[in-house]
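Take a look at the structure below.
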Amino acid sequence: MKPLTIGKLRGLQQISSKRGTITALALDHRQNLRKANPAFGDDAELSRFKLEITRALAHRATAVLLDPEVSAAQAIASRAIPNVGLVVALESTGYTGEATARKAQIIPGWSVEKAKRMGASAVKLLVYYHPDSPTAGEIEDFTATIAEECIRQDLVLMLEPLSYSLEENKKLSSEEKRHVVVETARRLTPLDVDILKAEFPLDLDEPDESKWTDACREISSASNAPWILLSAAVNYETYLRQATVACNAGASGVAVGRAVWQEAVTMNGDERINFLRTTAKYRLSRLTSLCHALAKPYTDFYQAAAPFDWYKTY
């Protein structure tokens, strides 16, 4: 097992279950929500939406993932976050550079150090990555730089790499996506990444679930860190199947957003609240139970020593 510092271990404890599994409620979405509902062009409306979901659902998760622009500080100030871990996003929405050679950047004015000061248990960094892209080395260096800052701040780093095609306006095939997702885990997790937030490694149209299992096992073999499955806006029923396969194949949990609360985006008032307190709550509770039963705990990866003089060199 890999040795872990006390601060990072504490952060992992805060965002996981007692068994060491992770169910992160993902609410760091920005531009895609503004596109889905014009009312969210107003920061106050977007913030209110996120805080309503946080209040209704976060207690059914082990952590909540928020952005610093309209939700993280607001959730703390309004006491919307229950006794679960807080993961705060670092990256600006979208990417810079060419569509086939993508680059990433931190939100201007934001930093790992500020996330640490506000009380975050972990930070999340999204990068667009293809191992054969001209910008692959730049993204690796960028990730390593953020990882170094997380080491200095003793803060958990959750990395979310998103794949893309090197041919403009073309999707990755199922086999191409499998290669990219697995190779990404192999290349990026050794860069002092603490948790990998990974895509499902096959196209949704792949009907053979034995391939699902094999591909998820490849991620487990390639990753140096515990990995959790992101939901990528698939519907709940599909995501439940994906999460079951992933956890049985070595994943340590999930980071789920729209698969749980997507319908609420176009609802208002009592209709939205009722949906969150019933359907969405049921979905998240089921996923949390699934992870608790099947996922591989992070404690299988990490351990921390605490000699009595640890504080002298900390």
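Quick notes on this structure:
- Just one of (1) out of contact with any strand residue (DSSP E or B) (no Cβ under 8 Å at 6 or more places or on another chain); (2) buried (at least 20 other Cβ atoms within 10 Å of the Cβ) fails for I22. It is (1).
- Region 251-310: number of residues that are at positive phi and under 17 Å from the mean Cα position of the chain (by Cα): 1
- Sole residue being of a type outside the set (S, T, N, Q), assigned to a helix (DSSP H, G or I), out of contact with any Cys (no Cβ under 8 Å at 6 or more places or on another chain) and within 19 Å of V234 (Cβ to Cβ), chosen from A264, A246, A255: A264
- Within region 118-132, the set of residues being in a loop (DSSP other than H, G, I, E, B) and either without any contact (Cβ under 8 Å) to a residue 24 or more places away in the chain or among the charged types (D, E, K, R) (or both) comprises D132 only.
- Listing of strands (runs of 3 or more DSSP E) fully contained in region 33-117 that carry 3 or more residues being touching a strand residue (DSSP E or B) at 6+ places or on another chain (Cβ under 9 Å) and not basic (K, R): 63-66, 85-89
- Which listed residue is crowded, with 17+ Cβ neighbours inside 10 Å, more than 19 Å from L159 (Cβ to Cβ) and under 20 Å from the mean Cα position of the chain (by Cα), from L57, L12: L57
- Evaluation of K281 against the conditions (1) within 30 Å of I151 (Cβ to Cβ); (2) buried (at least 17 other Cβ atoms within 10 Å of the Cβ) shows that the sole unmet condition is (1).
- For the residues A56, A44, A89, A39, the requirement of being within 23 Å of A264 (Cβ to Cβ), in contact with a helix residue (DSSP H, G or I) (Cβ under 6 Å, 6 or more places away or on another chain), modelled with pLDDT of 95 or more and not aromatic (F, W, Y) singles out A56.
- Test: residue in region 223-234 that is part of a helix (DSSP H, G or I) and either basic (K, R) or touching a residue at least 40 places away in the same chain (Cβ under 8 Å) (or both): no
- Residue selection: F275 fails the criterion of being buried (at least 24 other Cβ atoms within 10 Å of the Cβ) and among the aromatic types (F, W, Y).
- As a summary of the residue check, R186 satisfies the conditions (1) crowded, with 18+ Cβ neighbours inside 10 Å; (2) closer than 17 Å to W227 by Cα except for the one numbered (1).
- Failed criterion for E175 (all others in (1) modelled with pLDDT of 95 or more; (2) in a helix (DSSP H, G or I) hold): (1)
- Pair list, Cβ under 6 Å, 6 or more apart: region 99-115 residue over 24 Å from L155 (Cα atoms), other residue surrounded by 18 or more Cβ atoms within 10 Å (Cβ to Cβ) and not basic (K, R): A101/S133; A101/T135; R102/Y95; R102/Y128
- In region 103-127, residue surrounded by the fewest Cβ atoms within 10 Å (Cβ to Cβ) [restricted to those that are out of contact with any helix residue (DSSP H, G or I) (no Cβ under 8 Å at 6 or more places or on another chain) and of a type in the set (D, E, K, R)]: R117
- Some residue of region 290-305 being free of Cβ contacts under 8 Å to residues at least 60 places away in the same chain and either assigned to a loop (DSSP other than H, G, I, E, B) or of a type in the set (D, E, K, R) (or both): no
- Of the residues examined, V193 is not one that is within 19 Å of the chain's Cα centre (by Cα), among the β-branched types (V, I, T), in a helix (DSSP H, G or I) and buried (at least 16 other Cβ atoms within 10 Å of the Cβ).
- Residue within region 267-279 that is within 20 Å of N32 (Cα to Cα), outside any helix (DSSP H, G or I) and touching a helix residue (DSSP H, G or I) at 6+ places or on another chain (Cβ under 8 Å) present: yes
- If the condition is being over 19 Å from the mean Cα position of the chain (by Cα) and on the phi < 0 side of the Ramachandran plot, then region 84-102 contributes T96, E98, A99, T100, A101, R102.
The values are calculated or read from the model by the stated rules, or taken from the named source; none is laboratory data. Please read these numbers as outputs of a predicted model, since none were measured by experiment. Here Cβ is always computed from backbone atoms with ideal geometry, including for glycine, and neighbour counts include all displayed protein chains.
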